[in-house]
Amino acid sequence: MRYLIDSNLIIDVFQRKLSNSIESLENILADDSSEIFYNGLVYTEVLRTMLDEEQFMLLKNAFGFFTWIDISQNIYKETKKFSRYCRSKGLKVAKGKCELIDMIHFVTAKENNLILLSRDGDMDKLEKCYTEFKMQNVF
């Protein structure tokens, strides 16, 4: 399977050392057919949280096990349209507003047929809204 990893899962594993996040990631990594992708936003989000230089280097090197995926102009345009659609439907996530960065991760995963690995509880709301959005854009 192919996945896009969100920064919150990486931070949970490396900084917070949450056992359920560690177990989830270990299970995916144990499967030789799994491939994990990350984008520039995830890379930046994660590394900016590292204050300890040793941890920073450890985490920076860990990205070498994942595959880089670009946020194309098409992804950006699709994210803007999807964001407008969600707002028009009154979707409220992330304490009343959806963070554009989360939407970029979500759309990147969707447009590249990747499963989003995220600890963000708002992804179910985005999933429902995205299905409606895509159906509306088909016609």
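The values are calculated or read from the model by the stated rules, or taken from the named source; none is laboratory data. If you're wondering where the values come from, they're calculated on a predicted model, not measured in any experiment. Note that we place each Cβ from the backbone using ideal geometry, even for glycine, and neighbour counts take in every protein chain shown.
State which residue pairs qualify: first residue farther than 15 Å from residue 3 by Cβ and inside segment 17-35, second residue of a type in the set (A, V, I, L, M, F, W, C) in any location, beta carbons under 9 Å apart, and separation of 6 or more residues or different chains.
Once the first residue is farther than 15 Å from residue 3 by Cβ and sits in segment 17-35, its partners that are of a type in the set (A, V, I, L, M, F, W, C) give 22/13.
Can you find even one residue in segment 40-49 that is of a type outside the set (Asp, Glu), under 17 Å from the mean Cα position of the chain (by Cα) and surrounded by fewer than 11 Cβ atoms within 10 Å (Cβ to Cβ)?
Yes: one or more hits.
For residues that are under 14 Å from the mean Cα position of the chain (by Cα) and surrounded by fewer than 20 Cβ atoms within 10 Å (Cβ to Cβ), scanning just segment 121-133, find the one that is nearest to residue 5 (Cα to Cα).
123
Among the helices (runs of 4 or more DSSP H) lying completely within segment 1-114, list those that include at least 3 residues that are under 15 Å from residue 127 (Cα atoms) and touching a Cys at 6+ places or on another chain (Cβ under 9 Å).
Answer list for segment 1-114: 73-88.
In segment 15-39, which residues are surrounded by 14 or more Cβ atoms within 10 Å (Cβ to Cβ) and either modelled with pLDDT under 90 or in contact with a Pro (Cβ under 7 Å, 6 or more places away or on another chain) (or both)?
Passing the criteria: 15, 18, 21, 22, 24, 25.
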